[in-house]
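Some notes on the structure that comes next.
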Amino acid sequence: MPQQKSKKLYTKQSKTLRPVSEGAEKWMGVPIECLDHGFVYLVDYMGNDQSIVEAARVSYGKGTKTVNEDRGLIRYLRRHWHTTPFEMVEFKFHAKMPIFVARQWIRHRTASVNEYSGRYSEMLNEFYLPDAAVLKKQSKSNRQGRGEELSPVQQKRVLEVLKNDYERSYLNYQDFLSEDVNLARELSRIGLSVANYTQWYWKINLHNLMHFLKLRMDPHAQHEVRVFAEAMAKILKDAMPLAYEAFNDYVLESMQLSGLERKVLSGNKWPMKEKKAREVIVALFSNKRETEECVEKFKTLGLIK
């Protein structure tokens, strides 16, 4: 278990001259459970909120000196997309996740990764079995998302099939590894499901971590990877309170308007009823999906009644 490992790694105290984040220190080696067998925890970090400020000051001399001014500078940097100072801070996580989650995760090619190897070690008999509540039908409006819930009978059927497949595939895997067959480990694993768990060390700078969180904490992101993103965000919120506050205000809770959307806003009197609003928006937008996104934004802003 990661808890046992973390005690060995993090109980010894040592003096350091590097910047320290008290919020990060409390999460060092403390796993947050994710899904049924997964976890994520902070292995190491480099820098804190002050590190962002000091990196930015290099550009223009003395800069600011008080906490309030530091907060203002961080918010300015975030607001105007001056990302380089955020790249000076790094985080290293140990995460354990289903292989299909790892394949989504690895698409973010801005981190250093070292993954568990099934060529050298045996894969564990751990497979992701979803909660019945997350088993849903294919969305009719989103080709890569979920829609309506399955019936209880359908949920039960899916879970039973998954359990049987996992058990059978792992028995076959063990048989391939046995002395009777002695198939190479790198080949023995090919029959295992992408629901099998893997793990890795993942090191990334703060700017790219925030970009990852922006995409993977989005409500449209797949549930399973979102669980891990939310766990890391919990750690980051304590580790970098000023930077996370700015990230939340200007990224997570913000809304971007396109040039066409601004044109629709400035050229019409708002608010208006949905039917009329759709007529106005459709007249400018030729793409159905873009039209729907615009309608949802305006609803959020209270412009469509």
Residue among Val181, Val194 that alone is touching a Lys or Arg at 6+ places or on another chain (Cβ under 9 Å), over 30 Å from Tyr250 (Cα atoms) and part of a loop (DSSP other than H, G, I, E, B):
Val194
Determine the pairs where a residue that is assigned to a helix (DSSP H, G or I), located within the range 283-299, has a partner that is of a type in the set (Phe, Trp, Tyr) with Cβ atoms under 9 Å apart, the partner being 6 or more residues away or on another chain.
Thr291/Phe285; Cys294/Phe285; Phe298/Trp270
Does the range 252-281 hold any residues that are touching a Lys or Arg at 6+ places or on another chain (Cβ under 9 Å) and either assigned to a helix (DSSP H, G or I) or touching a residue at least 60 places away in the same chain (Cβ under 8 Å) (or both), and which are they?
Leu252, Glu261, Glu274, Ala277
Which of the residues belonging to the range 101-124 are touching a strand residue (DSSP E or B) at 6+ places or on another chain (Cβ under 9 Å), more than 11 Å from Trp200 (Cβ to Cβ) and either without any contact (Cβ under 8 Å) to a residue 60 or more places away in the chain or surrounded by fewer than 18 Cβ atoms within 10 Å (Cβ to Cβ) (or both)?
His108, Thr110, Leu124
Is there a residue being touching a Cys at 6+ places or on another chain (Cβ under 9 Å) and at pLDDT 95 or above anywhere in the range 80-95?
yes
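Okay, residues lined up against (1) modelled with pLDDT of 95 or more; (2) in contact with a strand residue (DSSP E or B) (Cβ under 7 Å, 6 or more places away or on another chain); (3) assigned to a loop (DSSP other than H, G, I, E, B); (4) closer than 30 Å to Arg78 by Cβ:
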| residue | (1), (2), (3), (4) |
| --- | --- |
| Arg143 | no, no, yes, no |
| Tyr166 | yes, yes, no, no |
| Gln174 | yes, no, no, no |
| Leu242 | yes, no, no, yes |
Within the group Lys7, Lys26, Lys65, Lys15, which residue is surrounded by fewer than 16 Cβ atoms within 10 Å (Cβ to Cβ) and modelled with pLDDT of 95 or more?
Lys26
Which pairs do you get when a residue that is assigned by TED's automatic domain parsing to the domain that holds Ala231, found in the range 31-53, comes within reach of a residue that is basic (Lys, Arg) and not in a strand (DSSP E or B), reach meaning Cβ atoms under 7 angstrom, with the pair 6+ apart or on two chains?
Ile32/Lys234
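The values are calculated or read from the model by the stated rules, or taken from the named source; none is laboratory data. In this text the structure is predicted, and so the values were computed from the model without any measurement. Cβ atoms come from the backbone with ideal geometry, glycine included; neighbour counts cover every protein chain shown.
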